[in-house]
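In what follows, a structure is listed as structure tokens, so that the remarks can point back to it.
Quick note: the coordinates plus some simple rules give every number you see, no bench work behind them. Predicted model only: the values in this text are computed from it and were never measured. Don't worry about glycine lacking a Cβ; one is built from the backbone with ideal geometry, like all the others, and counts go over all protein chains shown.
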There are 2 protein chains.
Amino acid sequence: MTSFAKLPEPPYYAVIFSSQRTPGDDGYGEMAERMVELAEGQAGFLGVESARDADGFGITVSYWQDEASIANWKRHGEHKLAQQYGHERWYERFELRVAKVERAHGMR
Amino acid sequence: MTSFAKLPEPPYYAVIFSSQRTPGDDGYGEMAERMVELAEGQAGFLGVESARDADGFGITVSYWQDEASIANWKRHGEHKLAQQYGHERWYERFELRVAKVERAHGMR
């Protein structure tokens, strides 16, 4: 799907979404791809990184310019439907944490 | 290794570590386990979540009480050695972002 996000200098916001998938795909893969595509078109979207292990535990971190862009994305109609399916079908459990990134560095 | 971290109410800090592993284990698995064990003994450590996909791209988020506990962990002797091996052997690339978690919710 994605690997490293290309981000500006901090500060910016991170939405850390940890989840345990239910067994089977059940439309999840297609919707996950669609959500990335849709998020990329949102104002204030900066990037996303995602990894899921063989046991179905995954972490997706999406990066946003500010709290307002996170709030707008949360309210997006198609994303709201995906959230509903997430609750009902795709996730056994999830935790979502919103954080302000203060500093960053890396090695390439 | 771990799945969901059991965390207090925000605010607290998150260290978001995204990495691409080099091929092969080369002592990585053992050191990664040891680092979790060691971190768990540090003052201010709150928890850790980690996922790595089949292509070797992974996200580890460790949670800390404050900036001081993150700084102490960064300076820890055995962790410093692991950081050095990380640079030299285990990672093709990594990005590290330090963020203050402001709010959180979940579904169980």
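Here are the numbers:
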item: Under the span-like rule (Cα at least 15 Å along the axis, Kyte-Doolittle mean at least -0.5), DSSP H helices of chain A; result: A:28-40
item: Hz values of 3J(HN,Hα) by residue in segment B:57-64 - Karplus curve (6.51, -1.76, 1.60), Gly and Pro given as x; result: 8, x, 10, 10, 10, 9, 10, 9
item: Cβ neighbours within 10 Å from other chains - mean over A:90-98; result: 6
item: Mean ellipticity per residue at 222 nm, deg cm²/dmol - from DSSP H runs of n ≥ 4 across the protein assembly as shown, formula -39500 (n - 2.57); result: -8500 deg cm²/dmol
item: P(r), alpha carbons of segment B:63-108 - 10 Å bins starting at zero, rounded %; result: 20, 39, 28, 12
item: Segment A:1-42: C-alpha pair distances exceeding 12 Å, %; result: 76 percent
item: 18 Å Cα-Cα reach of B:Lys6 towards lysines, excluding residues that sit fewer than 8 places from it in its own chain; result: B:Lys100
item: Charged-residue dipole, Cβ positions (Lys, Arg, Asp, Glu), segment A:50-108 about Cα centre, Debye nearest 20; result: 140 debye
item: Stokes-Einstein D for chain B, Kirkwood Rh over Cα pairs, 10 °C, 1.306 mPa s (µm²/s); result: 109 µm²/s
item: Two-site label geometry, A:Thr22 and A:Leu96: point separation in nm, points 7 Å out along Cα→Cβ; result: 1.8 nm
item: Assigned charges on the beta-carbon of Lys, Arg, Asp, Glu; chain B dipole about Cα centre (debye); result: 280 debye
item: 29 Å tail of the calculated P(r), the protein assembly as shown, as % of Cα pairs; result: 21 percent
